[in-house]
Amino acid sequence: MICIKTKQLKSTKIIKISLGQQLVMNTHSFDQPYPLLRLFLRYIVPGLLILLVLSAFLTGVGARQLAEGLYLEQATRRAQVIDRAMTEVAPDHWRRLKRGEAPASVYGEAVGQTLLAELTREVRELDLTHLKIYSSRGVIQYSTDGSQIGMEDRSRAFVAAAERGASTAVYKTAPDGSALYELYVLVAVPDGSPVIFELYEPVSHLNALLWRASIAAAGVPSVILIVLMLGMTRLVVLAQKNINNRAALVADLRTRLERLLSGAASQAVHDAVSVGGGIASSRTRCTILYSDIRDFTSFAEANGPEQVVHFLNQSMTIVVGAITRAGGDVDKLIGDAVLARFHGARAEARAISAAREALGLLDQANLPRGVGIGIYTGEVISGTIGPADRMDFTIIGDTVNLAARLCAAASRGEIVADAETVTAAGDGEFGAAEVISVKGRRSRLEVRRWQMASAAELP
């Protein structure tokens with residue numbers, strides 16, 4: 001959790017950021033809103049469309065199987081009707097024909113001719129397109145095409161029906177383009193192998209009825225699925241909009257909070273949140289710039305809070321701007337003081353340049369109080385301090401204390417830096433080296449000063 005606390009110091013505010021428990025998330029989710037809509041369109045919508053297509057396909061397959069089952073059932077009943085009718089007309093000759101006796105010998109007799117005529121009449125009455133009756137060996141015992149009687153025709157469909165011992169339906173297209181079913185139906189023979197009836201049934205209104213029923217059966221869940229998909233899409237769009245708005249608010253809040261943090265603190269928090277875990281402390285070498293308004297206490301005593309805050313904002317805007325342009329990082333604002341750090345190449349030179357620029361701009365602004373600046377280079381500890389529920393990210397070490405002591409030794413419009421920092425910066429505009437005593441330090445410190453030309457004339 002991130003919280004902001006303030007405390008009064010020298011009639012103004014010290015702003016500190018406390019880092020408590022931290023959310024662990026990856027860098028993408030930390031920086032960007034969760035792409036709910038994109039993932040929904042990439043994975044969920046295609047899945048729903050596949051489900052819709054699969055449902056329609058399975059419905060079509062089911063309707064096809066149902067149609068074949070109904071046609072087979074109808075063909076079986078017609079074959080049974082023919083079987084019963086022929087048993088009544090010529091039972092002996094019909095039995096001989098079913099047992100596989102040569103059809104020529106059966107039809108050669110007078111009763112056989114009657115049987116043949118009755119078979120033809122039954123075909124007409126049952127409105128069959130075509131009928132064949134096979135013996136168990138595949139010999140055609142009867143056919144609506146008389147020239148085929150007595151021939152052996154072991155087609156693939158016949159063999160499949162004979163071997164399976166079950167009725168079979170084959171969907172075909174007639175030469176004239178009409179669709180029909182070739183149906184192979186088994187009729188039992190007492191004390192013998194069953195005969196097979198081959199019937200041709202045109203795909204008529206029954207198929208249309210079945211397809212209409214199937215479409216109705218599949219249409220309702222399909223419509224429900226489509227409505228559900230549209231509703232989910234609408235919901236996800238609204239959710240994504242809400243997520244984006246919240247992410248924008250979080251980003252704005254983060255930007256505002258980062259203004260209260262140093263760049264190093266912001267980066268440390270970002271790294272800790274990205275990888276998980278706490279914020280680690282590190283030992284580093286840097287150049288510290290410490291600026292402080294001279295005689296600020298008397299100004300705060302003589303003016304109201306509004307005037308004091310306005311003056312502080314003017315002064316700190318100039319100082320912080322100069323530090324930022326020189327590549328420095330403002331660690332914190334402490335009342336009327338500014339603590340900043342410079343890392344990397346030419347850190348000493350950049351710190352001195354920022355100090356000079358700030359003093360020059362403050363002089364041009366003609367503010368009621370001026371600023372003194374102390375600069376020192378050394379090692380510091382950068383990290384968090386404080387209890388787990390109230391932590392502060394800052395820099396700690398003797399280097400920070402020395403920079404503050406040098407700042408206290410600087411007059412208005414003056415920079416006081418340790419001699420080593422000036423030498424490392426290669427700056428030849430500072431005065432000669434001098435040795436000063438620093439409060440709280442046993443050994444004396446060699447420093448050099450730089451003062452604005454107009455500083456001596458300022459109050």
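The values are calculated or read from the model by the stated rules, or taken from the named source; none is laboratory data. Since the structure is predicted, the reported quantities are computational estimates derived from the model, not experimental observations. No Cβ is skipped: glycine too gets one built from the backbone with ideal geometry, and neighbour counts run over all protein chains shown. Areas reflect the complete protein model, heavy atoms only, side chains present, ligands, DNA and RNA absent. Shrake-Rupley method; radii C 1.70, N 1.55, O 1.52, S 1.80 Å.
Residues considered: THR423, THR384, THR394. Of these, the only one that is in contact with a helix residue (DSSP H, G or I) (Cβ under 9 Å, 6 or more places away or on another chain), polar (S, T, N, Q) and at pLDDT 95 or above is THR423.
Quick test for you: out of ALA419, ALA355, pick the one residue that is under 51 Å from the mean Cα position of the chain (by Cα), among the hydrophobic types (A, V, I, L, M, F, W, C), surrounded by 16 or more Cβ atoms within 10 Å (Cβ to Cβ) and within 19 Å of ARG448 (Cβ to Cβ). The unique qualifying residue is ALA355. Checked against (1) of a type in the set (A, V, I, L, M, F, W, C); (2) open to solvent by 20 Å² or more (accessible area, probe 1.4 Å); (3) part of a strand (DSSP E or B), ALA432 meets all criteria but (3).
Look through region 166-192, keep the residues that are within 23 Å of MET86 (Cα to Cα) and at pLDDT below 75, and return whichever of them is surrounded by the most Cβ atoms within 10 Å (Cβ to Cβ). So, considering only residues that are within 23 Å of MET86 (Cα to Cα) and at pLDDT below 75, the one surrounded by the most Cβ atoms within 10 Å (Cβ to Cβ) is GLY192. Looking across region 319-336, the residues that are surrounded by 22 or more Cβ atoms within 10 Å (Cβ to Cβ) and at pLDDT 95 or above come down to VAL319, ALA322, ILE323, ALA326. No other residue among ARG448, ARG412 is crowded, with 19+ Cβ neighbours inside 10 Å, within 23 Å of ARG341 (Cβ to Cβ) and charged (D, E, K, R) apart from ARG448. Against the list (1) in contact (Cβ under 8 Å) with a residue 24 or more places away in the chain; (2) exposed (fewer than 12 other Cβ atoms within 10 Å of the Cβ), the condition GLY150 fails is (2). Which residues, counting only those in region 285-315, are surrounded by 14 or more Cβ atoms within 10 Å (Cβ to Cβ) and within 44 Å of the chain's Cα centre (by Cα)? Once the filter is applied, which keeps residues that are surrounded by 14 or more Cβ atoms within 10 Å (Cβ to Cβ) and within 44 Å of the chain's Cα centre (by Cα), region 285-315 yields only CYS286.
Of ARG444, ARG346, ARG405, ARG448, all but one fail to be at pLDDT 90 or above, within 29 Å of ASN313 (Cβ to Cβ) and of a type outside the set (A, V, I, L, M, F, W, C); the exception is ARG405. Residues of region 113-126 that are open to solvent by 30 Å² or more (accessible area, probe 1.4 Å), over 19 Å from MET151 (Cα atoms) and assigned to a helix (DSSP H, G or I): THR114, ALA117, GLU118, ARG121, ARG124, GLU125.
Note on region 127-169: residues that are in a loop (DSSP other than H, G, I, E, B) and under 60 Å from the mean Cα position of the chain (by Cα) amount to 4.
A Cβ distance below 6 Å, combined with a sequence gap of six or more or placement on separate chains, defines the contacts here; from region 366-393, residues that are free of Cβ contacts under 8 Å to residues at least 24 places away in the same chain reach residues that are open to solvent by less than 40 Å² (accessible area, probe 1.4 Å) in the pairs ILE385/ASP392. Given the criteria open to solvent by 90 Å² or more (accessible area, probe 1.4 Å) and either assigned to a helix (DSSP H, G or I) or under 22 Å from GLY165 (Cβ atoms) (or both), does VAL45 qualify? Considered against the rule, which asks whether it is open to solvent by 90 Å² or more (accessible area, probe 1.4 Å) and either assigned to a helix (DSSP H, G or I) or under 22 Å from GLY165 (Cβ atoms) (or both), VAL45 comes out as no. Put simply, of ALA102, ALA63, ALA90 the only residue that is touching a residue at least 24 places away in the same chain (Cβ under 8 Å), of a type outside the set (S, T, N, Q) and surrounded by fewer than 17 Cβ atoms within 10 Å (Cβ to Cβ) is ALA102.
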